[in-house]
Amino acid sequence: MKKFAVICFAVTLLAGIGCQERKVSDKSIGESDELYADVKLYLPNPVEDLVKGQSIRMNDWTGEPYTGVSSLFYRKNDQLYSESEYEDGLNTSLILYNKDGSQRARVEHEYLESEMVWNKRYNEDDHLVMESKSYKVTNDGFGFVKRWHDNGQLQFEMKTDENGNYQGLMTLYDEEGNVLKQENYKDGVLVES
């Protein structure tokens, strides 16, 4: 036992880590037969400990929430597949790349007390194509979902309640901005079209 304590103390001094049980799952996230990561990230262990409604925090190999950038690459040619940025274990942005290296899509997330409250998605031209915002951070107590056509014109907009159910008027627009259809929802159920 004395030998183990000495080894743990030496490892702690040399590597800046403690000798403790791993607090992460055995397999890193994102890796597959086709992809590998420059920074290996893990889910908390056990996953059952996650709190419902909270976003999953990605951990480094010591079990601590990761802050930094993790990239995935194709194994066959080392070409970049994606870049994910993390802050205190929470994914704040993701960029996906085409095989020619051009940007395919970009996603941004914002959090309030570990819960994702804002999500924005951009296309290959970096134009906003979808945005959703939680009721927790809006002035009227309702969240919303908006989607845009490729030309930048609003495609639809809808409000959501705290359970994610559609509420109120949903409006669908064509590519010129003309109203195509309106539907009214209550507690996620269509009440008028």
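The values are calculated or read from the model by the stated rules, or taken from the named source; none is laboratory data. Quick caveat, the model's predicted, so the values are computed rather than measured. Don't worry about glycine lacking a Cβ; one is built from the backbone with ideal geometry, like all the others, and counts go over all protein chains shown. Note: areas computed on protein heavy atoms with side chains; ligands, DNA, RNA excluded. Shrake-Rupley method; radii C 1.70, N 1.55, O 1.52, S 1.80 Å.
Looking only at the range 175-185, decide whether some residue is under 15 Å from the mean Cα position of the chain (by Cα) and among the small types (Gly, Ala, Ser). Taking every residue of the range 175-185 in turn, none turns out to be under 15 Å from the mean Cα position of the chain (by Cα) and among the small types (Gly, Ala, Ser). For residue 129, the criteria (1) of a type in the set (Val, Ile, Thr); (2) under 26 Å from residue 56 (Cα atoms); (3) touching a Leu at 6+ places or on another chain (Cβ under 8 Å) hold in every case but one, which is (3).
Scanning the range 62-118 for residues that are closer than 20 Å to residue 133 by Cα and over 14 Å from the mean Cα position of the chain (by Cα) yields a single hit, 113.
Number of residues in the range 56-91 that are open to solvent by less than 70 Å² (accessible area, probe 1.4 Å), more than 21 Å from residue 103 (Cβ to Cβ) and free of Cβ contacts under 8 Å to residues at least 40 places away in the same chain: the value is 7.
One residue is enough: does the range 153-164 have a residue meeting the conditions in a strand (DSSP E or B), at negative phi and at pLDDT 95 or above? Among the residues of the range 153-164, at least one is in a strand (DSSP E or B), at negative phi and at pLDDT 95 or above, which makes the answer yes.
Scanning the range 61-82 for residues that are over 24 Å from residue 113 (Cα atoms) and of a type in the set (Asp, Glu) turns up just one, 78. Inspect all residues belonging to the range 123-141 and state whether any of them is farther than 21 Å from residue 103 by Cβ, open to solvent by 70 Å² or more (accessible area, probe 1.4 Å) and of a type in the set (A, V, I, L, M, F, W, C). Within the range 123-141 (the criterion being farther than 21 Å from residue 103 by Cβ, open to solvent by 70 Å² or more (accessible area, probe 1.4 Å) and of a type in the set (A, V, I, L, M, F, W, C)), the answer is no, since none of the residues qualifies.
In the range 104-116, the residue that is modelled with the lowest pLDDT out of those that are open to solvent by 50 Å² or more (accessible area, probe 1.4 Å) and touching a strand residue (DSSP E or B) at 6+ places or on another chain (Cβ under 6 Å) is 116.
Of the listed requirements (1) assigned to a loop (DSSP other than H, G, I, E, B); (2) modelled with pLDDT under 85, residue 11 misses just one: (1).
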